[in-house]
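The values are calculated or read from the model by the stated rules, or taken from the named source; none is laboratory data. As the structure is a computational prediction, the values presented were derived from the model and not from experiment. In this analysis, Cβ positions are derived from the backbone assuming ideal geometry, glycine residues included, and neighbour counts consider all displayed protein chains.
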């Protein structure tokens with residue numbers, strides 16, 4: 001029988017971990033093990049004690065004597081002993097009871113695929129339904145997947161993808177050069193799909209949890225740094241094949257302009273003291289350099305809403321009025 005390793009990188013959050021573990025233990029396909037990666041802070045809320053109390057031979061806790069950030073913990077995935085097939089599961093996400101059974105059926109139908117996935121729902125912090133993911137075709141090559149990703153036509157998360165353990169080793173695991181692993185999952189799925197292709201089931205078999213941000217510090221600087229790493233990756237891909245080169249040439253300009261517009265307007269919603277000294281002009285300067293290296297057009301100044309954002313940022317009075325307006329009117333205005 002085909003066996004799966006379900007790997008859960010975990011810091012703290014017993015409430016969500018409990019729901020996640022229970023959803024895995026409810027699988028109708030029973031040939032699996034659960035590997036929970038923890039560090040020396042993970043038991044502060046009794047999470048590890050909870051896992052041990054289950055006394056379930058399917059659960060293995062792989063601890064660390066160190067205090068690990070997300071990069072350090074996810075980097076350990078490549079080193080732990082795993083079954084023939086593996087998947088990475090967010091500790092706050094939920095698998096439907098049929099998840100592994102559907103994945104196993106998908107492997108039977110597409111034995112030559114190198115990456116497997118199903119559709120999923122978004123849920124809020126309390127587990128309430130928010131929305132469906134964007135639909136995926138039954139099969140996708142890596143270049144077609146990249147095209148959809150750059151056009152924001154697919155929902156890309158780190159949960160729900162299944163692949164052979166040997167393939168994970170072959171692509172080098174998840175790339176921890178990405179700050180907070182932003183865009184790292186996208187690179188991983190492209191690399192794995194590039195071995196053969198991605199096969200997707202139309203059935204919805206898991207839920208990805210979205211949390212409202214509670215920090216005042218802007219994450220846009222981290223996002224920009226991760227974006228620059230991703231653009232370096234696109235530069236590498238463009239040299240690998242004509243197919244990738246064509247996709248990157250055709251779709252990257254739109255991706256960069258949409259991302260720039262999004263970050264610029266998020267920056268406007270963040271008081272200057274929380275921006276880590278980041279300004280819209282810094283974003284544009286960095287991205288223009290990378291766009292030139294890749295050989296794609298990048299002209300955000302032609303986007304009217306971006307022009308407005310720049311004007312607002314340059315004026316303290318307009319910035320203050322914009323922040324006041326956004327504190328009252330929460331919906332996007334661009």
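Here are the numbers for the structure shown:
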{"quantity": "Qualifying positions in the stretch 130-153 - modelled with pLDDT under 95 and surrounded by 19 or more Cβ atoms within 10 Å (Cβ to Cβ)", "calculated": "136"}
{"quantity": "So residue 111, is it within 22 Å of residue 189 (Cα to Cα) and free of Cβ contacts under 8 Å to residues at least 60 places away in the same chain", "calculated": "yes"}
{"quantity": "Number of the exception - residue 125 against (1) under 23 Å from residue 13 (Cβ atoms); (2) crowded, with 20+ Cβ neighbours inside 10 Å", "calculated": "(2)"}
{"quantity": "Options 59, 21, 70; residue that is buried (at least 16 other Cβ atoms within 10 Å of the Cβ), assigned by TED's automatic domain parsing to the domain that holds residue 125 and under 23 Å from residue 122 (Cα atoms)", "calculated": "21"}
{"quantity": "Qualifying residue in the stretch 184-191 (condition: surrounded by fewer than 19 Cβ atoms within 10 Å (Cβ to Cβ) and either over 27 Å from residue 32 (Cα atoms) or in contact with a helix residue (DSSP H, G or I) (Cβ under 8 Å, 6 or more places away or on another chain) (or both))", "calculated": "no"}
{"quantity": "Some residue of the stretch 216-238 being touching a residue at least 60 places away in the same chain (Cβ under 8 Å) and more than 19 Å from the chain's Cα centre (by Cα)", "calculated": "yes"}
{"quantity": "Residue within the stretch 145-153 that is over 27 Å from residue 235 (Cβ atoms), assigned to a loop (DSSP other than H, G, I, E, B) and in contact with a helix residue (DSSP H, G or I) (Cβ under 9 Å, 6 or more places away or on another chain) present", "calculated": "no"}
{"quantity": "Whichever residue in the stretch 114-128 is in a loop (DSSP other than H, G, I, E, B) and either touching a residue at least 24 places away in the same chain (Cβ under 8 Å) or outside the structural domain of residue 186 (by TED's automatic domain parsing) (or both) and, among such residues, is farthest from residue 206 (Cα to Cα)", "calculated": "114"}
